[in-house]
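The values are calculated or read from the model by the stated rules, or taken from the named source; none is laboratory data. Worth saying up front: this structure is predicted, and the values here are computed from it rather than measured. Here the Cβ positions follow ideal geometry from the backbone for every residue, glycine too, while neighbour counts run over all protein chains shown.
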Amino acid sequence: MLKQLAIKDLGCASLCLAGLTGWTHAQTAPGDIQRAPVSCDHGKPHPNAPEELAQFEFLIGDFEITSHVMTPNGWSPPRPGPRARWNGWYSMGGMMITDEWYDPDPGANPDAPRGVNVRMYDKASDEWKMMWVATGAARVQDLRAKADGEKVTMWQVYPTQIDLVADFFVEDEDHWHRISYVQDDEGEWQPQFKLRATRLSCAADSE
């Protein structure tokens, strides 16, 4: 049996629990796509940026996000209704990566809940140091991440009462996904939610 997570305790509820909240708040019929304009200006790395910046370069671009929950039969189909949106770019003159989250896409709801991550690689600790802040909570969350072979693992440092652990996996140059976990009664981490990203083309705006 998995531990229960309280939405009110999660500052990143719109992102960490996208799969859960969306299943009960679908706003449009499947296939009814409402999308804000696609961004084409994502900057570029600074010549002196750490080479490890490439570990999160899969976030650079504009992405449509589908939300899935783990069921006894495996991952669910995509959440009904409008899709979420995730976009990233090289910030601080190309020394960091910043990415934004909207759920749903602001094209479907201009007042959609949203949040932003700032990601900086720290050579001294060989870790990513990151900050997440969202409209749904008046606080900042302190996160860390580290690349390990085929995945990048992220965890939360503050607030300490939230056990946030997630892995990012790159599928190909246009697709990646993030799996978040929850501990079971034996203390083992079990997959709970998946966010799957599909790159949006700049040409989509002119179609």
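Numbers below:
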{"quantity": "Residues of the range 157-184 classified as part of a strand (DSSP E or B), of a type outside the set (Val, Ile, Thr) and within 25 Å of Thr71 (Cβ to Cβ), total", "calculated": "13"}
{"quantity": "Failed item, numbered, when Met130 is tested on (1) closer than 23 Å to Met70 by Cα; (2) surrounded by 15 or more Cβ atoms within 10 Å (Cβ to Cβ)", "calculated": "(1)"}
{"quantity": "Residues of the range 171-191 satisfying the condition of being within 14 Å of the chain's Cα centre (by Cα) and surrounded by 15 or more Cβ atoms within 10 Å (Cβ to Cβ)", "calculated": "Trp176, His177, Arg178, Ile179, Ser180, Tyr181"}
{"quantity": "All positions within the range 65-101 that are in contact (Cβ under 8 Å) with a residue 60 or more places away in the chain and buried (at least 20 other Cβ atoms within 10 Å of the Cβ)", "calculated": "Ile65, Ser67, His68, Arg79, Ala84, Trp86, Trp101"}
{"quantity": "Residue in the range 39-46 that is touching a strand residue (DSSP E or B) at 6+ places or on another chain (Cβ under 6 Å) and modelled with pLDDT under 95 present", "calculated": "yes"}
{"quantity": "Options Pro77, Pro72, Pro82, Pro106: the member that is at pLDDT 95 or above and over 15 Å from Phe193 (Cα atoms)", "calculated": "Pro106"}
{"quantity": "Residues (of a type in the set (D, E, K, R) and either in contact with a helix residue (DSSP H, G or I) (Cβ under 8 Å, 6 or more places away or on another chain) or in a loop (DSSP other than H, G, I, E, B) (or both)) located in the range 123-149", "calculated": "Lys123, Asp126, Arg139"}
